[in-house]
1. Look through B:G132, B:G172 and report the one residue that is out of contact with any helix residue (DSSP H, G or I) (no Cβ under 9 Å at 6 or more places or on another chain), in a loop (DSSP other than H, G, I, E, B) and either of a type in the set (G, A, S) or within 11 Å of chain A (Cβ to nearest Cβ) (or both).
2. Quick check on B:L311: is it over 25 Å from B:G231 (Cα atoms), over 24 Å from the mean Cα position of the chain (by Cα) and assigned to a helix (DSSP H, G or I)?
3. What's the total number of residues in the stretch B:282-300 that are among the hydrophobic types (A, V, I, L, M, F, W, C) and surrounded by fewer than 13 Cβ atoms within 10 Å (Cβ to Cβ)?
4. Can you tell me which residue among A:Q107, A:Q41 is part of a strand (DSSP E or B), of a type in the set (S, T, N, Q) and without any contact (Cβ under 8 Å) to a residue 60 or more places away in the chain?
5. What helices (runs of 4 or more DSSP H) lie completely within the stretch B:1-116 and have 3 or more residues being buried (at least 23 other Cβ atoms within 10 Å of the Cβ) and hydrophobic (A, V, I, L, M, F, W, C)?
6. For the stretch B:195-217, which residues satisfy the criterion of being small (G, A, S) and more than 8 Å from every other protein chain (Cβ to nearest Cβ)?
7. Which one of B:I254, B:I209 is assigned to a helix (DSSP H, G or I), in contact (Cβ under 8 Å) with a residue 12 or more places away in the chain and closer than 30 Å to B:G18 by Cα?
8. Which residues, taken from the stretch B:258-307, are farther than 20 Å from B:R93 by Cα, charged (D, E, K, R) and touching a residue at least 12 places away in the same chain (Cβ under 8 Å)?
Amino acid sequence: MKPIPLITLILLLWPWAAIAQTAQPAISLSTDIEDGKKMVQASVSLNGKPLENVVLQYFVQRTFGNMLFGQDTTLDDGTSAVAFPSDLPAASDGKLHFVVRIKTPAQYSAVSASAGFAGDVQPPPVTEFPRALWAPHAPLALTVSIFVILAGVWLSYFFVVSRILAIRKGG
Amino acid sequence: MSDAKSNNVERDMLATLGPPGFAHKSLVIALGMVVAWALVAYVHQLRIGLAATAMSDYFSWGVYIVNFVFFIGISMAGSLISAMLRLSNAHWRHPISRLAEAITVFSLLVAGPMILIDMGRPDRFIYVIRYGRLQSPILWDVLSLTSYLAGSFLYLYVPMIPDLAILRDTPGLSRWRQKLYGTLAMRWTGTVNQYRNLDRAVSVMAIVILPVAVSIHTVTAWLFGMTLRPGWHSTIIGPDFVIGALYSGVAAVITAIVLFRYFLNLQEHIPVDHLRKLAKLMLLFGLIYAYFVVNEHVGAAYTGEGAERPLLEKMISGQYAMQFWGMIFVGFVLPLLMLVTPLGRSIAGISVAAILVNIGMWLKRYIIVVPTLASPFMPPREGAHLAYVPTWVEWSITAGGFAAFLLMFILFSKVFPIISIWEVDQTKWPRLAGMPPIPSAAATVLP
């Protein structure tokens, strides 16, 4: 039997590989009020149909990584929800940035989604460092002193160079 | 000055620019080999990093910084001899001022690279400029050093213009010399206006270079003084470095004068009296510096304050006693005793005293840098032996630095007159310009 050429094999398998790649669930995030309580809600669907019994992990972005704050399983309508972390300070843009990731089934564990919603606790106002020896910007008096001294020295040098050029002109 | 002697200066200086003899060539080759060996050592250091040195987490600085401070110190020579003596109208400086100005330039050209060598990764130097913090004494040092180097180049060049014109007009020179002197002479013909402009330029440089020189030594001192380490954090460390620089600077000038005077037969133009005057200056600065050194250690010894005491013990009777007492005897006791006795009035005595001061001042820089690093506030890890013994790489690069300094000096003396002809013979240019020997207009502006 003649072996199938490699290029034919690739062309035959390509559409299947593409279909397998696209067959991943989609997650959408929103906020909702349930029984007077603010919730973060995630809806999972596959090819437009709700996906049931998917365990979702809810994270919120912090300075040094994502902090897990809840876990829930989707219902028959593909939704799950956890309580909105009202006590967490928002990022500098005033929002809490959520990341929701599928824990099980394992074949979807790479799927995640993220979204930002206005936080309940606003971040402390960003205060500029004062000009100081320990701060990013030097004290004004020091900066001015250095530039005045350097300007004085280099302007004197330029004057000397101008005298050299005057000598060259013969006078 | 008689015409005969005036002609002698020009003739003798032109003679020094003649073809090099066997001894000269041999010296240049020998020094070149030392520099080449230092480059080999540096390439080795670049390949394997600062592990090639004895520097470590405790000894973050070593002989490279010792060399840096030493060469910065002797760079004070040009500012002192040329600028201070020029401003004080001391005419005896004329035959030695160019030597002093050249010492400043060449010592700075050796000192600067020592910092890059110490960094280990020279490509990172650009970060000092890109991310430099104005609050950091390291950036102050970079700004100060570049300003001092630029000013020293100008201060060496400007008073040399009339001499370059003499060389330009000398017949029988090779083409490259004619081209070089012709370009650098700035069409000097010795008119009154040219004298006036020259005088203004030199006077401004003489005034500006002094505070710039003081700043570089002070800022270098602050690299240590702004660090909360025993032996470094002191209110007098700025003036201490300035006086130390004056002391070692005069010693370097004396050493250079003695060598050039002997090898270039300049005895007629640099009389012993000049060396005696310089020896008196060295004695004065030596006594002042000794006073500073006493102040530096007596306070620590009397109070016995926390971290200062173990540092002092290391120097007085501990692992650095040999270097410390060596510095005291070689840098202070012996040369100062020699200078106050009749021995200090002979050329041999002055020369030996100056060489001792040079050695002693290098040891002093070693004592400033190393023992403090051997006295950390945090207890060293168990079994760690806090000792710094420079490796062959560090000694090779140190030798290369000194050889490069001498080599630049020797090559300079073969291209440019080492004695300022027009300052020694002030009748030269007015005479060539067809004017009376000392025209009234020129006489008023002659520095």
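1. B:G172
2. no
3. 2
4. A:Q41
5. Per the criteria, B:63-74.
6. B:S203, B:A206, B:A213 - these are the residues of the stretch B:195-217 that are small (G, A, S) and more than 8 Å from every other protein chain (Cβ to nearest Cβ).
7. B:I254
8. B:E296, the sole residue that qualifies.
The values are calculated or read from the model by the stated rules, or taken from the named source; none is laboratory data. All values reported here derive from a predicted model rather than from experimental measurement. Glycine also receives a Cβ, built like all others from the backbone with ideal geometry; neighbour counts cover every protein chain displayed.
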